[in-house]
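Colleague: This is the structure I have questions about; it appears just below.
The values are calculated or read from the model by the stated rules, or taken from the named source; none is laboratory data. The structure displayed is predicted, hence computed values, not measured ones. All Cβ positions, even for glycine, are placed from backbone atoms using ideal geometry, and neighbour counts span all protein chains on display. Heads up: the accessible areas ignore ligands, DNA and RNA and are worked out on the full protein's heavy atoms, side chains in. Shrake-Rupley method; radii C 1.70, N 1.55, O 1.52, S 1.80 Å.
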Amino acid sequence: QVQLVESGGGLVQPGGSLRLSCAASGITFRLYTMAWYRQAPGKQREVVAQITRASNTNYADSVKGRFTISRDNAKNTVYLQMNSLKPEDTAVYYCNGVSDMGSSIWGQGTQVTVSS
């Protein structure tokens, strides 16, 4: 079964950290460019960070220097380390994978809430 399963979300105080994980199954993970998106209430879904098959990374300006995306092809997992969290980082975070053939898959999302 082809699926992406996110975990690691939760409630954290401003300035805190969380690490999100996205475990893939049913795909040849190493052939996928992986990304994290987020969607806050009333806003459009936006890309947060991306990591290519060669492990090149890109970040949204709003998270540069605070978030780090990484992948472990042996574990079929992509991570998002989030530090110095701000209330405006509150959103549902989604994992996305795009294959070398252009097919796209999404996870179900995990809620991140930054609040005191």
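Colleague: Applying the selection to region 20-72, what residues are among the β-branched types (Val, Ile, Thr), assigned to a strand (DSSP E or B) and under 17 Å from Val2 (Cα atoms)? So that I can check it myself, show each step before the final result.
Modeller: Let us first name the residues in region 20-72 that are among the β-branched types (Val, Ile, Thr), namely 27-28, 33, 47-48, 51-52, 57, 63, 68-69.
Those left that are additionally assigned to a strand (DSSP E or B): 33, 47-48, 51, 57, 68-69.
Listed by number, the list holds a single entry, Thr33.
Colleague: Which residue is nearest to Val47 (Cα to Cα), if the candidates are limited to region 69-116 and must be among the charged types (D, E, K, R) and open to solvent by 60 Å² or more (accessible area, probe 1.4 Å)?
Modeller: So, considering only residues that are among the charged types (D, E, K, R) and open to solvent by 60 Å² or more (accessible area, probe 1.4 Å), the one nearest to Val47 (Cα to Cα) is Glu88.
Colleague: Follow-up. Suppose we filter Arg19, Arg30 for residues that are over 13 Å from Val92 (Cβ atoms), free of Cβ contacts under 8 Å to residues at least 60 places away in the same chain and open to solvent by 70 Å² or more (accessible area, probe 1.4 Å); which single one remains?
Modeller: The match here is Arg30.
Colleague: Go through (1) open to solvent by 50 Å² or more (accessible area, probe 1.4 Å); (2) closer than 22 Å to Leu11 by Cα for Asn58 and report which single condition fails.
Modeller: Only one criterion is unmet by Asn58, namely (2).
Colleague: Still on this structure: Please work out which one of (1) open to solvent by less than 60 Å² (accessible area, probe 1.4 Å); (2) within 14 Å of Val112 (Cβ to Cβ); (3) out of contact with any Leu (no Cβ under 7 Å at 6 or more places or on another chain) is the condition Leu11 fails and give its number.
Modeller: Of everything listed in (1) open to solvent by less than 60 Å² (accessible area, probe 1.4 Å); (2) within 14 Å of Val112 (Cβ to Cβ); (3) out of contact with any Leu (no Cβ under 7 Å at 6 or more places or on another chain), Leu11 misses just condition (1).
Colleague: How many residues does region 41-55 hold that are over 11 Å from the mean Cα position of the chain (by Cα), surrounded by 14 or more Cβ atoms within 10 Å (Cβ to Cβ) and of a type outside the set (D, E, K, R)?
Modeller: Qualifying residue count for the region: 1.
Colleague: Looking at Arg38, Arg66, which is the one that is crowded, with 18+ Cβ neighbours inside 10 Å, under 14 Å from the mean Cα position of the chain (by Cα) and of a type in the set (D, E, K, R)?
Modeller: Arg38 is the lone residue from the list that is crowded, with 18+ Cβ neighbours inside 10 Å, under 14 Å from the mean Cα position of the chain (by Cα) and of a type in the set (D, E, K, R).
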